[in-house]
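Here is the structure we will look at, set down as structure tokens.
The values are calculated or read from the model by the stated rules, or taken from the named source; none is laboratory data. These figures come from a predicted structure and were not determined experimentally. Heads up, the Cβs are rebuilt from the backbone with ideal geometry, glycines too, and the neighbour counts pull from every protein chain shown.
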Amino acid sequence: MSPDITEPRPRTALGPGPQSSGRPKRVLAAEDNPVFQSMLRTMLTKWGYEAVMARDGVEAWQILQAPDSPRLAILDWMMPGMDGVEVCRRVRAADREPYIYILLLTARTESQDIVEGMDAGADDYLTKPFNAHELRVRLRAGSRILDLQEELLVAREALREQATHDSLTGLLNRASILQALQNELSRADRESQPVSLLMVDLDRFKNINDTHGHLAGDAVLREAARRMKSAIRRYDAIGRYGGEEFLILLPGCEGETARLQAERVRESLAASPFTSGADSVSVTCSIGASWRGRPGISDTDSLVRDADLALYCAKDRGRNRVEMAAAQPPAAGDADLPSLALAVDRH
């Protein structure tokens, strides 16, 4: 046994080795002494970890920069090229996620040395010589902390998803699609690039709810969202604007290009009936399209209003069609009049 490691006294078994997504958790062990490095590798493997070895601090830092780097790290303080404390500082300065739990090994026992290591970003430390069992339980404690942190990340992502996405369709919600539109308009203004907006409304959706029930209506909304998302390009954005209305953001499109994209969306719904249980439902949509650069289109509100007026024309001219915005949009005050009629006859 290495003089830096003492044999553990017999103790109660600690249970099965640590697992991460069905595979052993990976631990980086950075140690320049070949004998001690071999001992660490043997212990980690025996305890159920996958050992990733580094011969010095430079190699350890290179490994920890990788996206799939180990999340547990054992760093010897004194190493050639770059010591363990400097590796700690660099890892913490990178402020990366997921978090890397660092255990520092040192022969230094003065309190100021320990403070220096912890201030550099180490989460725990062991002074040499150390008991192998103590290293094992400290690694397990670090592993539990990482598991909790991963659970928090998953919960945070779930909350973010709830805050930005529509719970029924999984699409961006109203606030998020409007924010995406505002961001895209700002980018398009800076780069003098076109951008178009489609406003989509499912035709006679109220009849579907009245005839087949609201559960069937919800199923239609989900399937419509799926089909439309499949019909657009991967860098387009789609969101539920409200009820059976949707907004689709088309970067790099205007005029005829936007119309062709809108036709793809319309055809994705009209091409085949929707099924809900034993029922088969024919679903069509009407689409209004507008784009940046048209007269009077200067911001999010004016672009949405312009697409809404084009949608009104599509409804008024028979539904299941695409209408492009008129050559000259009405003034903001006049735009409210057809919107009142649209509110009555949109379905």
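The table for this structure:
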item	result
Residue in region 69-91 that is within 21 Å of Leu152 (Cβ to Cβ) and at pLDDT below 90 present	no
Filtered residues of region 204-249 (kept if in a strand (DSSP E or B) and at positive phi)	Gly242
Residue list for region 77-92, filter: farther than 18 Å from Thr109 by Cα, in contact with an Asp or Glu (Cβ under 8 Å, 6 or more places away or on another chain) and of a type in the set (A, V, I, L, M, F, W, C)	Met82
Residue tally, condition at pLDDT 95 or above, hydrophobic (A, V, I, L, M, F, W, C) and closer than 21 Å to Ser192 by Cα, over region 243-257	3
Answer residue from region 91-107, given it is assigned to a helix (DSSP H, G or I), among the hydrophobic types (A, V, I, L, M, F, W, C) and in contact (Cβ under 8 Å) with a residue 12 or more places away in the chain and is surrounded by the most Cβ atoms within 10 Å (Cβ to Cβ) among those	Val91
Region 108-136 - residue that is in a helix (DSSP H, G or I) and in contact with a helix residue (DSSP H, G or I) (Cβ under 8 Å, 6 or more places away or on another chain) and, of those, farthest from Gly48 (Cα to Cα)	Glu116
Qualifying position, being assigned to a loop (DSSP other than H, G, I, E, B), more than 14 Å from the chain's Cα centre (by Cα) and in contact (Cβ under 8 Å) with a residue 40 or more places away in the chain, among Leu168, Leu139	Leu168
Condition check for Ala158: touching a Leu at 6+ places or on another chain (Cβ under 6 Å) and not assigned by TED's automatic domain parsing to the domain that holds Met228	no
Residue within region 254-271 that is in a loop (DSSP other than H, G, I, E, B), free of Cβ contacts under 8 Å to residues at least 60 places away in the same chain and surrounded by fewer than 18 Cβ atoms within 10 Å (Cβ to Cβ) present	yes
Considering residues of region 64-75 that are buried (at least 16 other Cβ atoms within 10 Å of the Cβ) and out of contact with any Lys or Arg (no Cβ under 9 Å at 6 or more places or on another chain) only, the residue farthest from Pro24 (Cα to Cα)	Leu75
Residues being modelled with pLDDT of 90 or more and touching an Asp or Glu at 6+ places or on another chain (Cβ under 9 Å) - total across region 274-291	10
Failed criterion for Ser290 (all others in (1) surrounded by 15 or more Cβ atoms within 10 Å (Cβ to Cβ); (2) among the hydroxyl-bearing types (Ser, Thr, Tyr); (3) farther than 23 Å from Ile177 by Cα hold)	(3)
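Results for (1) within 21 Å of Arg266 (Cα to Cα); (2) in contact with a Ser or Thr (Cβ under 9 Å, 6 or more places away or on another chain), shown as yes or no for each residue.
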position: Leu185; (1), (2): no, yes
position: Asp189; (1), (2): no, no
position: Pro194; (1), (2): no, yes
position: Glu223; (1), (2): yes, yes
position: Arg233; (1), (2): yes, no
position: Gly243; (1), (2): yes, no
